């Protein structure tokens with residue numbers, strides 16, 4: 001059985017029900033990517049997996065136990081989260097920000113240990129921000145800042161990492177940089193679950209793809225097994241062609257050029 | 001020590017260690033400044049008393065005029081300044097951390113308004129001149145107001161978010177000040193008695209006030225200081241904080257409790273002293289950055305230094321009379337505060 005599993009979830013904000021009877025298994029050791037159109041419930045699902053949203057029905061299980069019944073700090077040592085829009089305290093340095101990832105390991109009488117120091121140094125090293133340790137985070141570029149936040153989650157030393165649209169505010173070069181980094185973290189043995197907007201990025205990096213629409217899972221599996229023109233049309237309503245990516249061999253979505261049809265129709 | 005480090009090179013560690021050492025040194029300097037301010041507060045006044053005679057007066061209470069001044073007037077006043085200042089500084093820092101608003105002020109939780117209303121009721125309807133009755137009335141008023149603010153602010157599904165609490169506090173503060181004004185207008189004598197309480201003063205309170213409110217302030221301070229790490233985690237945003245294992249609801253409830261106890265007892269002891277709780281944490285963050293493990297203790301120590309300095313200044317400028325402490329803090333503090341904001345170095349939160 002996989003470590004992170006959701007069963008029969010009914011997810012809702014206030015009155016609005018986002019999903020009903022949703023079941024998900026995150027394969028251990030996978031780089032799982034959730035895709036779908038805006039409002040399909042993918043971020044909501046991630047929030048439920050991260051214990052941030054209490055399901056109206058059903059439950060998320062971590063290591064076989066309902067995640068909401070477990071002590072928060074115990075969960076935080078196994079599941080880390082990079083939220084969509086984390087708040088960077090003004091004037092905080094890179095090292096100090098990354099160090100806050102050690103919160104789940106600290107107690108009243110055990111404030112800061114060599115173990116914490118090691119984890120923070122290793123996390124900064126892993127994402128390549130060791131040189132920036134004493135810089136103020138506000139002054140960094142968007143890509144550097146996102147790497148620093150990844151380092152914070154890494155310092156938490158969790159086997160499972162959840163990433164909510166980690167590339168949304170980055171330019172294309174930094175998107176690839178962050179995703180390459182995620183891919184490496186996955187290869188080092190972590191389980192990653194990410195919500196991504198870009199379907200081509202999802203196909204390129206995911207080992208397990210979950211396609212959602214209207215609060216339901218339409219398909220899941222290896223991108224090369226499930227991504228077809230028909231699926232993209234069904235999930236996003238976008239006519240397209242699927243070709244093999246010349247670089248990675250993964251499916252590449254090429255939207256159909258509807259302008260010709262439109263122009264023809266207007267004449 | 002030359003223990004070999006096996007993991008990734010920690011080449012930046014000396015810099016961070018040096019920064020931590022610098023901040024610890026700063027705390028020591030602040031503690032020294034507090035002692036100096038206490039000494040000055042004992043020595044300076046309508047009648048200056050040399051420090052040597054102050055010490056004499058404390059060690060050998062010989063009934064001389066100077067010994068009596070030190071014992072009966074300046075010691076209570078100085079101790080009150082220390083505990084009130086420390087409480088307001090810490091309460092302000094907690095308030096700004098909890099609301100993630102650099103301009104939040106502990107009074108926003110309705111504490112000052114509730115205390116003022118309770119005091120004006122006592123002055124108007126109870127025939128008492130005992131300062132301890134005022135103190136407990138103010139404390140009860142502050143606590144009652146805070147409970148009310150929390151009840152109103154947490155009404156509804158969204159619960160007690162910082163924004164809603166501040167809104168509820170602002171609204172109830174307005175209600176309380178209207179009620180207070182109403183009671184005052186009924187009776188000129190009440191107005192007279194109240195306006196002295198209202199400016200905030202360290203003078204003419206006896207040692208009993210410190211003895212009775214001290215334990216509350218101590219408890220509030222311990223609770224507040226213990227919240228430094230959860231507040232640090234919550235400063236990363238609600239989601240990030242929860243993902244790190246913090247319970248925002250519990251942290252906020254405990255934080256609000258600490259603020260009410262600290263600010264309520266400070267207001268009960270000295271009347272409403274505005275500004276200190278707003279400006280001190282702001283100054284502190286521009287000195288030590290956003291880490292609450294430093295911001296909270298720095299605020300705790302810096303605020304009483306400034307409050308004592310303002311109190312001493314108030315005694316000196318209008319000799320042989322004096323200016324109320326609450327007036328001086330705002331008068332001296334405001335320009336400094338404006339200068340700091342304009343300099344732009346002061347970080348938000």
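The values are calculated or read from the model by the stated rules, or taken from the named source; none is laboratory data. Values in this document were obtained by computation on a predicted structure and should not be read as measured data. Because the Cβ atoms are built from the backbone with ideal geometry, glycine has one as well, and the counts that use them run over all protein chains shown.
In the set (1) closer than 18 Å to residue A:164 by Cα; (2) away from chain B (no Cβ under 13 Å); (3) outside any strand (DSSP E or B), the condition left unmet by residue A:11 is number (3). Would you call residue B:219 assigned to a helix (DSSP H, G or I), within 24 Å of residue B:145 (Cα to Cα) and at pLDDT below 90? For residue B:219, the condition - assigned to a helix (DSSP H, G or I), within 24 Å of residue B:145 (Cα to Cα) and at pLDDT below 90 - is not met. What number of residues within segment A:40-58 are more than 8 Å from chain B (Cβ to nearest Cβ) and in contact with a helix residue (DSSP H, G or I) (Cβ under 7 Å, 6 or more places away or on another chain)? Residues in segment A:40-58 being more than 8 Å from chain B (Cβ to nearest Cβ) and in contact with a helix residue (DSSP H, G or I) (Cβ under 7 Å, 6 or more places away or on another chain): 3 in total.
Looking at B:91, B:97, B:67, B:124, which is the one that is surrounded by 15 or more Cβ atoms within 10 Å (Cβ to Cβ), touching a helix residue (DSSP H, G or I) at 6+ places or on another chain (Cβ under 9 Å) and under 21 Å from residue B:193 (Cβ atoms)?
Details: B:91 fails: under 21 Å from residue B:193 (Cβ atoms); B:97 fails: under 21 Å from residue B:193 (Cβ atoms); B:67 fails: under 21 Å from residue B:193 (Cβ atoms).
Just one listed residue meets the conditions, B:124.
Residues in segment B:36-53 that are assigned to a helix (DSSP H, G or I) and more than 30 Å from residue B:272 (Cα to Cα): B:51, B:52, B:53.
Restricting to segment B:259-290, count the residues that are within 14 Å of chain A (Cβ to nearest Cβ) and either buried (at least 24 other Cβ atoms within 10 Å of the Cβ) or within 26 Å of residue B:116 (Cβ to Cβ) (or both). Of the residues in that region, 4 qualify. Scanning segment A:14-26 for residues that are surrounded by fewer than 18 Cβ atoms within 10 Å (Cβ to Cβ) and more than 14 Å from every other protein chain (Cβ to nearest Cβ) turns up A:17, A:20, A:21, A:23.
Only a single criterion out of (1) away from chain A (no Cβ under 14 Å); (2) touching a helix residue (DSSP H, G or I) at 6+ places or on another chain (Cβ under 9 Å); (3) over 30 Å from residue A:77 (Cβ atoms) is not satisfied by residue B:211, namely (2).
Among the residues of segment A:77-90, those that are modelled with pLDDT of 95 or more, over 16 Å from residue A:151 (Cβ atoms) and facing chain B (nearest Cβ under 10 Å) comprise A:77, A:79.
Within segment A:72-125, the residues that satisfy the criterion of being assigned to a loop (DSSP other than H, G, I, E, B) and over 22 Å from the mean Cα position of the chain (by Cα) are A:89, A:90, A:91, A:92, A:106, A:108, A:109, A:111, A:112, A:113.
When you go through B:240, B:228, B:221 one by one, which is the residue that is under 18 Å from the mean Cα position of the chain (by Cα), closer than 18 Å to residue B:291 by Cα, buried (at least 19 other Cβ atoms within 10 Å of the Cβ) and within 14 Å of chain A (Cβ to nearest Cβ)? Reasoning before the result, please.
Details: B:240 fails: under 18 Å from the mean Cα position of the chain (by Cα); B:221 fails: within 14 Å of chain A (Cβ to nearest Cβ).
Every option except B:228 fails the conditions.
Against the test of being without any contact (Cβ under 8 Å) to a residue 24 or more places away in the chain, within 12 Å of chain B (Cβ to nearest Cβ) and either surrounded by 19 or more Cβ atoms within 10 Å (Cβ to Cβ) or touching a strand residue (DSSP E or B) at 6+ places or on another chain (Cβ under 9 Å) (or both), the options A:93, A:130 yield a single qualifying residue, A:130.
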